[in-house]
Structure formats: C-alpha cells, structure tokens
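Reviewing the structure listed below.
The values are calculated or read from the model by the stated rules, or taken from the named source; none is laboratory data. Everything numeric in this text was worked out from a predicted model, so none of it was measured. Virtual Cβ from ideal backbone geometry, glycine too; neighbours counted across all protein chains shown. Surface areas here come from the heavy atoms of the whole protein model, side chains and all, with no ligands, DNA or RNA. Shrake-Rupley method; radii C 1.70, N 1.55, O 1.52, S 1.80 Å.
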Amino acid sequence: EAGVASIACVYTGHEEQITYETLVLVTGRIPEDGLYHALMRERAWLENHGIRSVSRIGDCLASSSIADAVYHGHKLAREFGRKANEETVRRERPSLS
C-alpha cells in the first residue's frame, strides 16, 4: 500500500513492513539461460541437425527491457552469417532536423 512496503528475505523468509516516502527498486539481472545450457548439453543433436552455432542474446545474458531484447534480436539478424571481423550493417535512423 502507499507509503508502506512489505519485504521478505528470500533465504530466511523473515518478513517486515517498512514505511517510505520515496521508493527506488534495485533488482537483480539474473540470466534466463536454461534453454541455452540444455542445448549445449545436446551438441551431438545440434550437429546432426545441421545447427552450427547457438547465440545468447537478450534475457539469456541478463534480464532487461523488452526494447533491449528486440534490439539484440534485430542486431543478431543483421549480423547473421557475417564473420567476426566484418563491419556490422548500420540501421537507418530518422533525422531529427
């Protein structure tokens, strides 16, 4: 409720309420990388199906905003098939003038 936060320890379960005037949330950016690690355990299956590489982007690296996930997906698509030393294709941005 307004001005009161209920907090709990994830380790002990201890709960308490604190009053506040301003609240700034600082959260963890824990990767959601279970699918990536599951795929890496099945390297033979990947190779048998012609999959040569698996890339980690977005929440697999660190949870963030939807806009960041879309950006990383778009960037991966633009760079798909390019060698590491090739220049990345720049996307167009509208002029502010």
Cross-chain or 6+ apart pairs with Cβ under 8 Å, region 77-93 first and part of a loop (DSSP other than H, G, I, E, B), then modelled with pLDDT under 75 | Arg82/Thr88
Any idea which residue in region 1-58 is nearest to Ala77 (Cα to Cα), counting only those that are open to solvent by 100 Å² or more (accessible area, probe 1.4 Å) and outside any loop (DSSP other than H, G, I, E, B)?
-> Leu35
